[in-house]
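Asker: Mind looking over this structure? Questions follow.
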Amino acid sequence: MKVLVCDRNLVPHRRRFEAALPPEVTVTWAAGDIGLDRLRDAQVFVGGRFTAEMAATAEKLRLVHVAGAGTDRVAFAALGADVLVANTFHHERSIAEFILAAAVMLRRGFLKQDRALRRDVWASSVYDDTIVQPPTLHGARIGFVGFGHIGQQSWKLLSALGCQGAAVTGSGRVRDGAGLSWAGDASRLDDLARESDVLVVSAPLTRETAGMISRNQLGALGPDGVLINVGRGPLVDENALYDALLTGRLGAAAIDVWYRYPDLVNGTGAVCTPSELPFAELPNVLMTPHASGVTADTFEGRSDDIAANIGRLVRNEPLCNVVQPSTS
């Protein structure tokens, strides 16, 4: 069986990945330029982007395996009926650490203090009577928009600090014993924002969820509120978010997922303005390049999952984490 790996995040784990595969599997690594000719004999493609043109070239394809959770860049409609698509997670621990760190940094005002001290300004209530002493996370109300792997792992960390929690989910339900104050469906999104000190967005991006965090929710979160988006950029209305941060109607935001991304496939390199709006000029924004889940821990786990699924494919066993077109 021939496997074509086109995800550069797996390259550091190449030895681990290949050691976990059955001996009859051969692997070609093409983390840079894929080259359509390499797809012709591949039975397994590992990567985050699979186009209709690629599908037309891959004559022997049996599996497209994304080395992550999102399958929104896979052209399901172009795949043959017998081609499977699978994904993998393992990012929840890493992203939960990011959420905890961002919540502390923004709620305590560390980001503003860092930027002020770089200008020799000591922005603390110890030196400036106009500055209010910040609260800790203990007792803070955390709102979760989505409560899957990421929300649950984040809640483990935040609840240990004495936070309170509530969630809005697609079904309006969470698993028993989650320890949240309440859970509801999207009709309670305004309530969640109004009650939250920190709003964590990790819902999947669909037609229904695009723009679900709009001017109303950001205003309800308020001038002391913190927004953390680790889901997808378009879950939050881009213009409304910028305006709320600019005018102070929203206190601060940690944005890890964006509205524009570099086109690495066509060789433009990792240079791209993440939004048409100048978020970089705002002092109350923590900007990261979709990196909250990018750790060795994440990709070791993903490497193991993908290798295990390829082994199942070789043995004609059912695969784990198969994604259906309707849920992509």
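The values are calculated or read from the model by the stated rules, or taken from the named source; none is laboratory data. As the structure is a prediction and not an experimental result, all values here were calculated from the model. Reconstructed Cβ throughout: ideal geometry from the backbone, glycine too, with neighbour counts over all protein chains shown. Each accessible area value is taken on the protein alone, full model and side chains, heavy atoms only, with ligands, DNA and RNA left out. Shrake-Rupley method; radii C 1.70, N 1.55, O 1.52, S 1.80 Å.
Asker: Any chance the stretch 77-99 includes a residue that's of a type in the set (V, I, T), open to solvent by less than 40 Å² (accessible area, probe 1.4 Å) and without any contact (Cβ under 8 Å) to a residue 60 or more places away in the chain? Give the steps one after another, and end with the answer.
Answerer: If we filter the stretch 77-99 for residues that are of a type in the set (V, I, T), which is where we start, we get 83, 85, 88, 95, 99.
Going one step further and asking which of them are open to solvent by less than 40 Å² (accessible area, probe 1.4 Å), we end up with 83, 85, 88, 95, 99.
Now drop any that are not without any contact (Cβ under 8 Å) to a residue 60 or more places away in the chain, which leaves 83.
Yes, that holds for at least one residue.
Asker: If you don't mind, another one. Report, by residue number, each residue of the stretch 46-72 that is open to solvent by 30 Å² or more (accessible area, probe 1.4 Å) and touching a strand residue (DSSP E or B) at 6+ places or on another chain (Cβ under 7 Å).
Answerer: Going through the stretch 46-72, the residues open to solvent by 30 Å² or more (accessible area, probe 1.4 Å) turn out to be 49, 51-53, 56, 59-60, 62, 69, 72.
Of everything in the stretch 46-72, just one residue is open to solvent by 30 Å² or more (accessible area, probe 1.4 Å) and touching a strand residue (DSSP E or B) at 6+ places or on another chain (Cβ under 7 Å), namely R62.
Asker: Only residues that are open to solvent by 20 Å² or more (accessible area, probe 1.4 Å) and not basic (K, R): list them for the stretch 183-201, please.
Answerer: To start, the set of residues in the stretch 183-201 that are open to solvent by 20 Å² or more (accessible area, probe 1.4 Å) comprises 183, 185-188, 190-191, 194-195, 197.
Once the filter is applied, which keeps residues that are open to solvent by 20 Å² or more (accessible area, probe 1.4 Å) and not basic (K, R), the stretch 183-201 yields A183, D185, A186, S187, D190, D191, E195, D197.
Asker: I need a count of the residues in the stretch 272-298 that are in a helix (DSSP H, G or I) and open to solvent by 50 Å² or more (accessible area, probe 1.4 Å).
Answerer: First, the residues of the stretch 272-298 that are in a helix (DSSP H, G or I): 279-281, 296-298.
Those still in the list that are open to solvent by 50 Å² or more (accessible area, probe 1.4 Å) too: 280-281, 296-297.
Result for the stretch 272-298: 4.
Asker: Considering R302, R232, which residue is under 25 Å from A75 (Cα atoms), among the basic types (K, R) and touching a Ser or Thr at 6+ places or on another chain (Cβ under 6 Å)? Before you say what the answer is, go through the steps one by one.
Answerer: Working: R232 fails: touching a Ser or Thr at 6+ places or on another chain (Cβ under 6 Å).
After applying the criteria, what remains is R302.
Asker: R312 - would you say it is part of a helix (DSSP H, G or I) and either in the same structural domain as T209 (by the TED database) or not acidic (D, E) (or both)? Spell out the reasoning first.
Answerer: On the way: part of a helix (DSSP H, G or I): yes; either in the same structural domain as T209 (by the TED database) or not acidic (D, E) (or both): yes.
Judged against the criteria, R312 is a match.
Asker: What tally of residues in the stretch 101-126 results from selecting those that are among the β-branched types (V, I, T) and not in a loop (DSSP other than H, G, I, E, B)?
Answerer: Going through the stretch 101-126, the residues among the β-branched types (V, I, T) turn out to be 104, 121, 126.
With the extra rule that they be not in a loop (DSSP other than H, G, I, E, B), the set shrinks to 104.
Residues meeting the conditions: 1.
Asker: Let me ask something additional. On the given criteria, is A75 at pLDDT 95 or above, small (G, A, S) and at negative phi? Talk me through it step by step, then tell me what you get.
Answerer: Working: at pLDDT 95 or above: yes; small (G, A, S): yes; at negative phi: yes.
Answer is yes for this residue.
Asker: Can you pull out the residues in the stretch 10-45 that are surrounded by 17 or more Cβ atoms within 10 Å (Cβ to Cβ), within 19 Å of D297 (Cα to Cα) and within 25 Å of the chain's Cα centre (by Cα)?
Answerer: L10, H13, F17
Asker: Same structure again: Give the residues of the stretch 143-168 that are open to solvent by less than 20 Å² (accessible area, probe 1.4 Å) and either hydroxyl-bearing (S, T, Y) or modelled with pLDDT under 95 (or both), sorted by residue number.
Answerer: S154
Asker: Would you confirm, using the coordinates I've provided, whether L282 is in contact (Cβ under 8 Å) with a residue 40 or more places away in the chain and in the same structural domain as V168 (by the TED database)? Write out each step before concluding.
Answerer: Numbers: in contact (Cβ under 8 Å) with a residue 40 or more places away in the chain: yes; in the same structural domain as V168 (by the TED database): yes.
Answer is yes for this residue.
Asker: Within the stretch 219-228, count every residue that is surrounded by 24 or more Cβ atoms within 10 Å (Cβ to Cβ) and not in a loop (DSSP other than H, G, I, E, B).
Answerer: If we filter the stretch 219-228 for residues that are surrounded by 24 or more Cβ atoms within 10 Å (Cβ to Cβ), which is where we start, we get 221, 225-228.
Okay, now just the ones that are also not in a loop (DSSP other than H, G, I, E, B), so 221, 226-228.
Matching residues across the stretch 219-228 total 4.
Asker: Restricting the search to the stretch 236-258, which residues are open to solvent by 50 Å² or more (accessible area, probe 1.4 Å) and touching a helix residue (DSSP H, G or I) at 6+ places or on another chain (Cβ under 6 Å)?
Answerer: Once the filter is applied, which keeps residues that are open to solvent by 50 Å² or more (accessible area, probe 1.4 Å) and touching a helix residue (DSSP H, G or I) at 6+ places or on another chain (Cβ under 6 Å), the stretch 236-258 yields only R249.
Asker: Looking at the structure I just gave you, is L180 aliphatic (A, V, I, L, M), modelled with pLDDT of 95 or more and open to solvent by 40 Å² or more (accessible area, probe 1.4 Å)?
Answerer: Working: aliphatic (A, V, I, L, M): yes; modelled with pLDDT of 95 or more: yes; open to solvent by 40 Å² or more (accessible area, probe 1.4 Å): no.
It is false that L180 is aliphatic (A, V, I, L, M), modelled with pLDDT of 95 or more and open to solvent by 40 Å² or more (accessible area, probe 1.4 Å).
Asker: List every residue pair whose Cβ atoms sit under 6 Å apart, with the two residues 6 or more apart in sequence or on different chains, where the first one lies in the stretch 155-183 and is outside any loop (DSSP other than H, G, I, E, B) and the second, anywhere, is basic (K, R) and modelled with pLDDT of 95 or more.
Answerer: Taking only residues 6 or more apart or on different chains, the pairs are Q164/R141; V168/R188.
Asker: Okay, next question. Go through the stretch 142-154 residue by residue and tally those that are of a type in the set (G, A, S) and in a loop (DSSP other than H, G, I, E, B). Can you show your working first?
Answerer: Within the stretch 142-154, the subset of a type in the set (G, A, S) is 143, 146, 148, 151, 154.
Retained after the next criterion (residues that are in a loop (DSSP other than H, G, I, E, B)): 146, 148.
Residues that pass the stated criteria total 2.
Asker: If you check L137 against the conditions, is it in a helix (DSSP H, G or I), surrounded by fewer than 20 Cβ atoms within 10 Å (Cβ to Cβ) and assigned by the TED database to the domain that holds S202? Give the steps one after another, and end with the answer.
Answerer: Numbers: in a helix (DSSP H, G or I): no; surrounded by fewer than 20 Cβ atoms within 10 Å (Cβ to Cβ): yes; assigned by the TED database to the domain that holds S202: yes.
So L137 fails the test.
Asker: Mind listing whichever residues of the stretch 104-115 are buried (at least 17 other Cβ atoms within 10 Å of the Cβ) and without any contact (Cβ under 8 Å) to a residue 24 or more places away in the chain?
Answerer: Q113 - this is the single residue of the stretch 104-115 that is buried (at least 17 other Cβ atoms within 10 Å of the Cβ) and without any contact (Cβ under 8 Å) to a residue 24 or more places away in the chain.
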